[in-house]
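The block underneath contains the structure these notes are about, expressed in structure tokens.
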Amino acid sequence: MVASQDAAAFGELIRRHQSQVRNFLRKLARDEALADDLAQDCFLHAWDKIHTYSGTGSFIGWVLKIAYTTFLQSKRKSKRYDEILEQAGHEMDRAAVTQQNAPEVEMDLDTLLAALNEQERVIMIFSYACGLSHREISEATELPAGTVKSIIHRAKEKIRTQFEIENHQYG
């Protein structure tokens with residue numbers, strides 16, 4: 001039904017998944033307004049490409065792959081993106097230092113993700129914030145599933161080390 005471009009069915013899918021797509025893009029872009037714009041672009045691209053959805057994987061995995069591609073295209077187009085990301089990274093680094101100095105304050109996901117490089121951050125967001133399987137992440141990022149597993153393992157170790165978290169506290 002959706003593959004035949006049924007607008008009502010597609011509208012229902014957007015309603016069900018728009019929050020997850022926006023939250024994913026907000027974590028990647030670190031800019032709420034940009035993320036909302038990217039989410040709209042993502043759903044427009046999804047509508048144009050709905051005929052390519054085979055139904056074999058989860059719909060949200062398919063849409064998040066489009067969202068990730070939309071994010072990457074936006075990043076490539078924007079010369080200011082690197083400057084903004086660098087500024088945000090410095091702010092996140094300060095937040096991480098503050099967090100290390102105040103262990104009684106509960107760490108949030110953004111602080112933990114600030115310790116990671118972009119590839120690690122994207123994969124951890126796919127895995128933990130979006131709940132995608134290793135296979136779905138592999139399809140979205142076009143990386144082998146074994147590489148995805150390795151990156152997740154390395155990223156978890158990096159977070160554990162940087163924030164002095166013991167293994168049993170962080171899954």
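Only the coordinates and a few stated rules stand behind these numbers; no lab work does. In this text, all values refer to a predicted model and were calculated from it rather than measured experimentally. Reconstructed Cβ throughout: ideal geometry from the backbone, glycine too, with neighbour counts over all protein chains shown.
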**OP:** For segment 114-171, build the convex hull from the C-alpha positions and give me its volume per residue in Å³.
**Re:** 76 Å³
Original post:
If you put +1 on each Lys and Arg Cβ and -1 on each Asp and Glu Cβ, how big is the dipole of segment 1-78 around its Cα centre, in Debye rounded to 20?
Top reply: 340 debye
**OP:** For segment 1-78, compute Rh as the Kirkwood radius over C-alpha pairs and then the Stokes-Einstein diffusion coefficient at 20 °C and 1.002 mPa s; write the answer in µm²/s, rounded to an integer.
**Re:** 171 µm²/s
